[in-house]
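Encoded as structure tokens, the structure appears first; notes follow it.
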Amino acid sequence: MPAITSAGVGSGLDLEAIISATLDAENAPKVDRFNKKESTLKVQLTALGQIKSDLSAFESSLDILKDISNFNKRTSTVTQPEGGDVISVSSQSTATEGSFNIAVKQLSQGSRAVQSDAASYTSTTDVVSASGGTLTFAADGKSFDVTLAAGATLADLRTAINDNADNFGISANIINTGSSSKLVYTSSVTGENNDLVVTNSTAELDNVSTNANGGGNGGMVIDPLDAARDAIIEIDGIEVTSSTNTFENAIQDSTITVKKESPTDPNDATKLLTANLNIATDQEFVKETLEKFVESYNKLMTTLDTMVTAKTVDATARGLRDTIVNQLSSVVSGAGSLETIYDAGFSLEKDRKLAIKTTGVNALSDVLNESYDDVGKLFAGTGNIADTLSETVDAYLKAGGLISDQTNALESDKRALVDDREKHAYRMERYEARLREKYASLDVLVAGLRSQGNAISASLSSLPGFVKK
């Protein structure tokens, strides 16, 4: 008997519908449970991920708060005189607060040596040394040598100086006066008594040296106005010098860079207009840091409240939320009159959110003006509030912490769910095979009975007197 390839073909019964309905009745409830569990796991993992993200942002704000150096930052505000910027200033956290009037009397400069008329050449192709020799350039303890070949020209000398790998800041140029070519050396080495000195190994090079080989002056001359010099400033009338245009610690723990000489007072040509420097604690930075702390805290609270209300990882969310809110009230000793953050310009609202007081008693701006150092101790001193909160945050965020353990458990459940789906799919395949085997036998049986019935009907119809109805 040929095999039945589709249930019900032989019998004419809709056995495929019966098999399908039977399979759905067995399969649908379990698939629905799998889908619901998968959805729940996804929501829980997403919730933990959001808590972790917001908690990490909160931790970052705490890391800034508990670093006492962030409360010691200084701002250096310079009010320039009319006529443009004459100085710029940067101050370290250890700089003492104060106000200073600064005038720039003189900028530093390097020396400039120009070839005398007697030593000048007619063109750049003139030979400076028929037999060759060595020039030594020195300033402020630095030096380098330039060795010239026999027959080297003025142009060759310029190139050899400018291209020398050991050159510490000397440039050579040739000025064409119309009747002669003059060599000019310019040194970037500044400071009093740091003039460029050029010596040589042969008298043939005296014309391009500041010192002659046999003693005395060479052909390169430094005019008094072109001599290297110090920068000079006055701080509250006290004169200070520097070999460069940068003054380190002229005001303790501050660096002053001079840009140009101060203009004279239009009402008194004997006086220079001053720039005013004000060094103060960087309250604006601290205020912004505290605002970021509040912002990250409030965002975390919003997330945790949402998780609790939605009953998504609500036990974790509620435990973390309640712990942090309670720790906000921690008392810190050693911060003067500021025992808690509520003494330092903060208030806790009904929805557990933090707010910064802008007016009234303990307004943040007033606290920073009156008790700035104590604010630093409150958040970054011994037993500070930031450390207390950080310990709780770390317990949740660290490897092996509460969030990590919960995430790992949920990921394990996800893997188990995949296994359960695969096992269920296999069981359904076996169940369908058994159903088809069972209904295939029924199909054959019914088909046989139907065939027999048809044969009997045919036999009866051939009998005399049989009337087919």
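The values are calculated or read from the model by the stated rules, or taken from the named source; none is laboratory data. Being a predicted model, the structure only gives us computed values, none of them experimental. Every residue, glycine as well, gets a Cβ built from its backbone with ideal geometry; the counts of neighbours run over all protein chains shown. All accessible areas refer to the heavy atoms of the entire protein, side chains included, with ligands and DNA or RNA removed. Shrake-Rupley method; radii C 1.70, N 1.55, O 1.52, S 1.80 Å.
Give the shape of segment 339-383 as rounded, prolate or oblate, defined through the alpha-carbon gyration tensor: a ≥ b ≥ c are the square roots of its eigenvalues, a/c under 1.5 means rounded, and otherwise the shape is prolate if a/b is larger than b/c and oblate if not.
oblate
If I ignore ligands, DNA and RNA and count only protein heavy atoms, how much of Glu432 is accessible to a 1.4 Å probe, in Å² to the nearest 10?
Looks like 60 Å² after rounding.
List, in order, the whole-Hz ³J(HN,Hα) value for each residue of segment 178-184 obtained from phi through the Karplus relation with A = 6.51, B = -1.76, C = 1.60 and θ = phi - 60°; use x for Gly and Pro.
Rounded to whole hertz, the list is x, 10, 8, 10, 10, 8, 10.
Among [x] 74, 52, 48; [y] 159, 74, 40; [z] 65, 48, 45, which one is Cα extents along the principal axes in Å computed from these coordinates?
Computing Cα extents along the principal axes in Å and matching it to [x] 74, 52, 48; [y] 159, 74, 40; [z] 65, 48, 45 gives [y].
Under 5 Å between amide H atoms, partner at least 5 residues away or on a different chain: which partners does Gly218 have, H built in plane at 1.01 Å?
When sequence neighbours closer than 5 places are left aside, the close amide H contacts are Asn211, Ala212.
Whose amide H sits under 5 Å from the amide H of Ala152, counting only residues 5 or more places off or on another chain, with H placed in the peptide plane?
Distant-sequence amide H within range of Ala152: Val128, Ser129, Gly132.
How big is the gap, in Å, between the Cα center of segment 384-401 and the Cα center of segment 164-218?
The distance from the Cα centre of segment 384-401 to that of segment 164-218 comes to 67 Å.
Note the full-extension length gain between Ser188 and Lys350 as 0.36 nm times their separation in residues minus their Cα-Cα distance, in nm to one decimal.
Net length gain for the segment: 51.6 nm.
Roll a 1.4 angstrom probe over the protein heavy atoms and tell me the percent of accessible area of the chain that is carbon or sulfur.
49
With the cut-off at 1.5 for a/c, could you classify segment 252-401 from its C-alpha gyration tensor as rounded, prolate or oblate?
The shape class here is prolate.
Sort 96-102, 156-162 for me by packing, meaning the mean count of neighbouring Cβ atoms within 10 Å per residue, highest on top.
Ranking the peptides 96-102, 156-162 by packing returns 156-162, 96-102.
HN-Hα J couplings of segment 87-97 from phi, Karplus 6.51/-1.76/1.60, θ = phi - 60°, integer Hz, Gly and Pro as x?
Result, rounded to whole Hz: 9, 10, 9, 10, 10, 7, 5, 8, 5, 7, 5.
Put a dot 7 Å past each Cα toward the Cβ at Ser90 and Thr77; how far apart are the dots in nm?
Each label point lies 7 Å from its Cα, and together they span 2.1 nm.
For Lys398, list the aspartates and glutamates whose Cα falls under 18 Å from its own Cα; do not include residues on the same chain fewer than 8 positions away.
Reachable aspartates and glutamates: Asp54, Glu59, Asp63, Asp387, Glu411.
To the nearest Å, what is the center-to-center distance of segment 336-373 and segment 222-257, using C-alpha atoms only?
45
What size of dipole, in debye to the nearest 20, comes out for segment 1-147 about its Cα centre when the only charges are +1 on Lys and Arg C-beta atoms and -1 on Asp and Glu C-beta atoms?
The calculated dipole for segment 1-147 is roughly 400 debye.
Determine the alpha carbon to alpha carbon distance for each of Lys311/Lys353; Lys42/Lys414; Lys299/Lys377 and list only those over 18 Å.
Lys311/Lys353; Lys299/Lys377
Once you place label points 7 Å from the Cα toward the Cβ at Asp413 and Arg427, how far apart are they in nm?
That separation, rounded to one decimal, is 2.0 nm.
How many nm is it between the label spots at Asp322 and Asn173, if each spot is 7 Å from the Cα in line with the beta carbon?
Rounded to a tenth, the inter-label distance reads 8.0 nm.
Once every DSSP H run of n ≥ 4 in the chain is given -39500 (n - 2.57) and the sum is divided by its residues, what mean residue ellipticity at 222 nm do you get, rounded to the nearest 500 deg cm²/dmol?
My calculation for the chain gives -14500 deg cm²/dmol from helical runs alone.
Residues of segment 236-297: accessible area per residue at 1.4 Å, in Å²?
That works out to 54 Å² for each residue.
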